[in-house]
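In what follows, a single structure is set out as structure tokens and then discussed.
Just so you know, all these numbers are worked out from the coordinates, no wet-lab data involved. Computed from a prediction, not measured in an experiment: that's the story for all the values here. For neighbour counting, all protein chains shown are included, and Cβ atoms are generated from backbone atoms with ideal geometry for every residue, glycine included.
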Amino acid sequence: MRSGKLRDRANIQQDTSNDDTPTPTWTGTPLVANWPCDILPIGGDESYRGRQLEAKVDYVATGRFVDGVTAEMRLYVTAGQQKAKTLNIEQAHEKRDNRNRPILELYCTELTT
């Protein structure tokens, strides 16, 4: 994966709340700060929830491999076209690029209200 293709930067955040706290806290030190990646929107959907229309957008973030990323984490985009968006990681996959180097592919969703 060439550096010129990684146009976005994101913090990979993990829940830093206590085990007995039901709501997650994302204010701690990120697992990775300013992770170089490429974030592409791949689809979207709208649905009614009560009397409100709720939009859901799906993204794929691809970048260099980082060990320990799970579906309980999220991305906060710090630079690029999707700047200031918070994306919940739904799936994390390790893949190989054309030079057989490991890359990380994250399938994410953003719920906008």
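Is it the case that segment 90-113 has a residue that's in a strand (DSSP E or B), among the β-branched types (Val, Ile, Thr) and surrounded by fewer than 12 Cβ atoms within 10 Å (Cβ to Cβ)?
Checked against the condition, which is being in a strand (DSSP E or B), among the β-branched types (Val, Ile, Thr) and surrounded by fewer than 12 Cβ atoms within 10 Å (Cβ to Cβ), segment 90-113 yields at least one hit.
Taking the listed residues Val60, Val66, Val77, the one that is over 16 Å from Gln14 (Cα atoms) and touching a residue at least 40 places away in the same chain (Cβ under 8 Å) is Val60, with no other qualifying. The set of residues from segment 50-90 being of a type in the set (S, T, N, Q) and farther than 20 Å from Lys5 by Cβ comprises Gln52, Thr70, Thr86, Asn88.
Is it true that Ala55 is within 12 Å of Glu110 (Cβ to Cβ), among the hydrophobic types (A, V, I, L, M, F, W, C) and over 15 Å from the mean Cα position of the chain (by Cα)? Spelling it out, Ala55 is indeed within 12 Å of Glu110 (Cβ to Cβ), among the hydrophobic types (A, V, I, L, M, F, W, C) and over 15 Å from the mean Cα position of the chain (by Cα).
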